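Notes follow the structure.
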Amino acid sequence: MHPRRSAQEVLLCDLCETVPLQSHCELCNINICVNCAVKHLSDSSKRHKVVPFLHRKSTPNYPKCPDHADKHCEIYCEKCDVPVCSTCVTSGKHKGHDISDVLEKLSAKTESLQKDLEELETRIYPRYEKMVSNVQSEKAELETNYGKLTTAADQQGEVLHREITAIVNQRKSAIAEMKTKHLDALDKNTEEITQKMAELKQIMSDLKSILKSNDVSLTSTYKSRNSEFRTVPPKVRVTVPSFSPQKINKDQLNEMFGSLSPLSINTEHGDTMKSAEAVSSPPVKPLLEPRVTATIDTGYRHGLYSISCLSEDQVWTCGTNDTMKLLNLQSKLLTSIQTKSERAPQDIAVTRDGDLVYTDYWNNTVNLIKNKQIHTVITIQGWRPRNVCCTAANNLLVIMDSDDGKPSKVVRYSGSTEKQSIQFDDQGRPLYSSGDIKYISENKNLDICVADYTARAVVVVNQSGKLRFRYTGHHTNTKQSFYPRGITTDSQSHILTADRDSHRIHILDQDGQFLRYIHCNLRAPWGLCVDIRDNLFVAERDTAKVKKIQYL
């Protein structure tokens, strides 16, 4: 309870704070009791005006002047933006300044405060509450999202372990086979020597018998074989093979394992997202002036469309005929595979295991080539497979067209099992146009990037299929049309797409911001891929050549 109030809310004297008030000093604007009123009036330094409390004037509660103790601030200095008393105004400090009534100013200030309070209560504070709620929801999803990353890393680790185990088993098998051959050689040599020794024993036994018998006939018929045995059988010498372990290149092993996209920590100002911090792994590679480091002549006569890197110096290609070719940087044909249907493949992709996948638009299949044998892994009903890419988790993302003109969709497969279908945004609108070729690539942050030629846009959704952004070309070149074909991503989470008609490559960051062009005298660039060292391979449709370009 307030110290100046009783349980019955009796108002007490402002001075002694113990006795109920009875009077009011209009000069000092205080409430006082009888005893304190006598003492108050005894102060002759001021002209106090004490009246009964019930007869006090209803005067505004003007603030006391900090410079003149017996004055109240009834005036407001506009220039100094402070309340002042009449003495302050007549003094030199506020001379010539614009002044107004302090109550009018107070009224305006009060109205402004009321507006501030209303905005805080109805608009600003609820937004903060919503932000906190969103952050809590995002925190709740962290375990799941980072769990998926950890699972992907574990899966990739298992793949590497399996590959290493397979190599170790191959070496151990080769060692066991060599050991068997070594033993066989020694056994054969021992058998030859043992056989000769048996013959020698028999000869020695015969000679002893002849000498003991003194038989003239046996002695005269004996033929010496010593010269035959003076040359001992050849000794088999087998050199035990040695193992020469290569020094493990940790950097190359790290690249082979795969990389994490940068963790982008952004600060949202209103409706604008501005990057505040970026913590990245692997190290950031700056963009360089692009240059062509190799050119491969594929030999396709009527156009080259799709490519997929097997290694830094080997690339799979496909064009308008039914043959897929594996070529090196010197344009040497290493392997060629003909499709089952004897029709041109729609697209190709290399899996994490180094096998080749191709889509066959004509028989509605997705096929895997392993050890030069074609295995149909997916057969589709009512839809036709267009383009394909392999994900970090070794899944397949397949762009499909419907037989009845529905908008295209992206389907994720694990083996032959459909795991996800992406076709519409949150408002139920199609993400992709209907028909035509749409190249696809998974970014390092697991975004799914589609180059939609008909829509003239790069459409990017997150791992869950939620639309992140659409890129429709660089805004400074509005006069030039944007018709994207091939698309790929690199270790820095850059998105690279081929602008066929403008004969160049667009490089974007993972949030769709344009970074730069790659020209390099390209002619109708189409299919794209990037190797483990971030070299870009570009398929030129019209020349049927592949250009290897360094840009990082």
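The values are calculated or read from the model by the stated rules, or taken from the named source; none is laboratory data. Note that this is a predicted model, so its numbers are computed, not measured. Positions of Cβ are backbone-derived with ideal geometry, glycine not excepted, and every protein chain shown enters the neighbour counts. When the accessible area is computed, the model is the full protein with side chains, heavy atoms only, and any ligands, DNA or RNA have been set aside. Shrake-Rupley method; radii C 1.70, N 1.55, O 1.52, S 1.80 Å.
Taking strands (runs of 3 or more DSSP E) that do not extend beyond the range 295-404, which have at least 1 residues that are within 27 Å of the chain's Cα centre (by Cα)? If you could, list the steps in order and put the result at the bottom.
On the way: elements: 304-309, 314-319, 323-328, 333-338, 347-350, 356-360, 365-370, 373-379, 383-390, 396-402.
Because the criterion is at least 1 residues that are within 27 Å of the chain's Cα centre (by Cα), the strands (runs of 3 or more DSSP E) in the range 295-404 that meet it are 304-309, 314-319, 347-350, 356-360, 365-370, 383-390, 396-402.
Take the residues in the range 478-526 that are open to solvent by less than 10 Å² (accessible area, probe 1.4 Å) and acidic (Asp, Glu); name whichever of them is farthest from LEU446 (Cα to Cα). This residue is ASP499. Among residues that are part of a strand (DSSP E or B) and over 18 Å from ALA524 (Cβ atoms), ARG485 is not included. Screening ASN35 with (1) surrounded by 15 or more Cβ atoms within 10 Å (Cβ to Cβ); (2) at pLDDT 85 or above gives one miss only, at (1). A single member of GLU104, GLU78, GLU119 is at pLDDT 85 or above, among the charged types (D, E, K, R) and out of contact with any Pro (no Cβ under 9 Å at 6 or more places or on another chain), and it is GLU119. Would you mention how many residues in the range 229-255 are surrounded by 11 or more Cβ atoms within 10 Å (Cβ to Cβ) and either of a type in the set (Lys, Arg) or modelled with pLDDT of 75 or more (or both)? Summing the residues that are surrounded by 11 or more Cβ atoms within 10 Å (Cβ to Cβ) and either of a type in the set (Lys, Arg) or modelled with pLDDT of 75 or more (or both) in the range 229-255 gives 6.
Suppose we keep only residues that are among the acidic types (Asp, Glu) and open to solvent by 60 Å² or more (accessible area, probe 1.4 Å) within the range 259-313. Which one would you say is modelled with the highest pLDDT? Break it down stepwise before answering.
Taking the range 259-313 as the starting set, the residues that turn out to be among the acidic types (Asp, Glu) are 268, 271, 277, 289, 297, 312-313.
With the extra rule that they be open to solvent by 60 Å² or more (accessible area, probe 1.4 Å), the set shrinks to 268, 271, 277, 289, 297, 313.
On the way: GLU268: 54, ASP271: 44, GLU277: 38, GLU289: 88, ASP297: 94, ASP313: 90.
Filtering the range 259-313 for residues that are among the acidic types (Asp, Glu) and open to solvent by 60 Å² or more (accessible area, probe 1.4 Å), the one modelled with the highest pLDDT comes out as ASP297.
Pairs are defined by a Cβ separation below 7 Å, a sequence spacing of at least 6 or placement on different chains, a first member in the range 303-326 that is farther than 17 Å from MET256 by Cα, and a second member that is of a type in the set (Asp, Glu) and in a strand (DSSP E or B); the pairs so defined are LEU304/GLU540; SER306/ASP347.
Yes/no per residue for (1) of a type outside the set (S, T, N, Q); (2) surrounded by 10 or more Cβ atoms within 10 Å (Cβ to Cβ); (3) touching a residue at least 40 places away in the same chain (Cβ under 8 Å):
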residue	(1), (2), (3)
LYS130	yes, yes, no
ALA140	yes, no, no
GLU158	yes, yes, no
ARG171	yes, yes, yes
MET178	yes, yes, yes
HIS182	yes, yes, yes
SER209	no, yes, no
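One residue stands out in the range 405-433 among those that are of a type in the set (Gly, Ala, Ser) and assigned to a loop (DSSP other than H, G, I, E, B): the one that is most open to solvent (accessible area, probe 1.4 Å), namely SER416.
With respect to LYS57, is the statement that it is of a type in the set (Lys, Arg), open to solvent by less than 100 Å² (accessible area, probe 1.4 Å) and either modelled with pLDDT under 80 or assigned to a loop (DSSP other than H, G, I, E, B) (or both) true? No, not satisfied. Based on this model, can you work out whether ASN367 counts as open to solvent by less than 30 Å² (accessible area, probe 1.4 Å), under 16 Å from ILE307 (Cβ atoms) and modelled with pLDDT of 90 or more? No; evaluated as a whole, the condition is false for this residue.
Pick out the one residue from LYS438, LYS444 that is farther than 22 Å from GLN550 by Cα and crowded, with 18+ Cβ neighbours inside 10 Å.
On the way: LYS444 fails: farther than 22 Å from GLN550 by Cα.
Every option except LYS438 fails the conditions.
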